[in-house]
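**Student:** One structure coming up, written as structure tokens, with questions to follow.
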Amino acid sequence: MSTFFDALERRDPAVREQALLAALPGQVAQAQRASPAMAELLAGVDAHAISSRAALAQLPVLRKQELLERQKARRADDPFGGYSAIGWRGVAGGRGAGRVFQSPGPIYEPEGLGTDYWRMARAIYAAGFRAGDLAHCSFSYHLTPAGAMMESGAHAIGCTTFAGGVGNTELQLQAIADLRPQGYIGTPSFLKILVDKAAETGTPIASLRKAMVGGEAFPPSLRDWLQERGIAAYQSYATADAGLIAYETTARQGLVLDEAVILEIVRPGTRDPVPDGEVGEVVVTVLNPDYPLIRFGTGDLSAVLAGPCPSGRSNTRIKGWLGRADQTAKVRGMFVHPSQVAEIVRRHPEVQRARLVVSGEMANDHMTLKVEVNGAYDKLSQAIAGTIRDITKLRGEVELLMPGALPNDGKVIEDARSYS
């Protein structure tokens with residue numbers, strides 16, 4: 001059987017990039033035409049001119065909090081807040097949606113009518129699932145889209161699925177013992193619960209030999225623990241807004257991007273892409289005309305890995321989930337946002353990177369802006385301290401550092417206070 005889901009996975013990277021950028025102007029035009037909210041965000045933009053990464057980087061980033069706020073404001077006439085191009089009678093064009101889901105917030109997401117709408121088949125195939133397998137799916141089938149996302153992907157491969165959903169450990173174990181599925185799809189933590197409970201009760205689950213996991217962190221220690229018990233588990237990275245973003249392969253060296261995703265890693269709180277290898281926020285533009293979110297900020301941190309995947313897939317790789325990008329802190333009663341730190345850096349071209357460290361104890365906290373500069377600059381510290389006051393309305397000290405001194409972890413604001 002083929003190692004690859006399709007020929008797209010082995011394309012020359014230059015051919016893939018050309019195809020993605022060729023499709024980008026049409027996606028921007030679709031967003032302006034079919035999504036009132038995106039049309040407002042992209043007002044005045046010439047869609048045909050957005051044909052390069054440099055041009056894309058000039059557009060605003062849409063972050064989940066903004067999407068939620070607009071949905072709440074427009075809920076009476078459009079629960080999608082004007083972002084969706086599909087809906088049902090009276091909503092977002094009046095047709096085209098097969099399902100609608102609710103994620104925490106609440107945020108409402110549409111699902112279109114196409115096969116494998118969320119593009120999960122590629123990740124499930126990379127985890128070893130093949131036509132004829134029975135996949136035991138323990139993602140939620142209620143409210144949120146996870147269960148439907150995974151099931152549609154498994155069906156696109158030709159798998160049969162068992163809709164286990166969440167909880168009911170004993171009943172799910174009985175189903176595994178009776179039906180003898182070849183693989184598991186769900187969160188890694190629930191898979192561990194099932195394996196532990198099976199060992200405790202003597203329930204036979206030896207048929208499980210593979211798993212595709214997601215929805216939470218998947219540490220190497222748990223991966224190895226499962227492998228020792230005969231289950232090869234691989235992770236995927238997807239969101240309810242974007243569908244599949246990236247997936248793990250047998251090489252286990254980062255996650256490979258999905259073929260329909262244009263990825264950027266940007267400095268948190270900004271729209272500015274960072275150099276490859278630097279940690280920043282995952283921003284994606286997915287070629288989906290039904291839900292045309294341009295430069296959607298996931299709020300997750302990651303970084304691009306150098307070189308191709310040893311599995312033979314030629315697409316860009318990322319390190320996987322490295323934390324959350326929203327690092328807003330409340331200091332002396334005032335909120336300080338990553339975007340404010342970015343504005344401070346913008347006003348001082350000598351600064352290459354910066355990190356605001358909040359220390360001390362609650363109600364007696366202290367701000368220090370650590371900045372990387374290449375060389376000594378007379379009175380730069382005082383100037384930056386003045387900018388801190390102007391932008392945040394708070395006083396803060398400035399510490400000048402050599403380039404490369406700050407950790408490459410994507411943090412713009414570090415809350416180092418004691419809460420005890």
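Read the figures in this text as sums done on the coordinates, not as results from a lab. Note that the structure is a prediction, hence the values are computed from the model and not measured. Glycine also receives a Cβ, built like all others from the backbone with ideal geometry; neighbour counts cover every protein chain displayed.
**Student:** In this model, which of 64/319; 330/379; 72/192; 192/330 are farther than 30 Å apart at the alpha-carbon? Please report the intermediate quantities before stating the final value.
**Tutor:** Values: 64/319 22 Å; 330/379 28 Å; 72/192 37 Å; 192/330 37 Å.
Table pairs above 30 Å Cα-Cα are 72/192; 192/330.
**Student:** So, one more: What's log10 of I(q)/I(0) for the chain at q = 0.06, 0.09 Å⁻¹, Debye sum over Cα points only, no solvent?
**Tutor:** Evaluating at q = 0.06, 0.09 Å⁻¹ gives log10 I(q)/I(0) of -0.28, -0.64.
**Student:** Turning to a different aspect of this structure: If I take all pairs of Cα atoms in region 141-186, what percentage of them are more than 13 Å from each other? It would help to have the intermediate numbers written out before the result.
**Tutor:** Numbers: 593 of 1035 pairs.
Of all Cα-Cα distances in region 141-186, 57 percent exceed 13 Å.
**Student:** Report the local net charge at residue 31: Lys and Arg +1, Asp and Glu -1, summed over other residues whose C-beta lies under 12 Å from its C-beta.
**Tutor:** Details: positive: 33, 295; negative: 40, 290.
After counting each charged neighbour, the total is 0.
**Student:** Separate question: Highest mean first, how do 13-26, 334-347, 147-160 rank when packing is the count of other Cβ atoms within 10 Å averaged over residues?
**Tutor:** Numbers: 13-26: 14.4, 334-347: 18.2, 147-160: 21.8.
Sorting 13-26, 334-347, 147-160 by mean packing, highest first, produces 147-160, 334-347, 13-26.
**Student:** Let me ask something else about it. Can you give me the distance in nm between label points at residue 390 and residue 328, each placed 7 Å from the Cα along the Cα-to-Cβ direction?
**Tutor:** So the label points at residue 390 and residue 328 sit 2.4 nm apart.
**Student:** Choose one of 231, 328, 413: the residue whose Cα lies farthest towards the positive end of the charge dipole of the chain (beta-carbon charges +1 Lys, Arg; -1 Asp, Glu; about the Cα centre).
**Tutor:** The one lying farthest along the dipole's positive direction is 328.
**Student:** In whole angstrom, how far apart do the alpha carbon centroids of region 174-194 and region 245-315 sit?
**Tutor:** 29 Å
**Student:** How are the Cα pair distances of region 329-415 distributed, in percent, across 10 Å bins from 0?
**Tutor:** 17, 56, 25, 2
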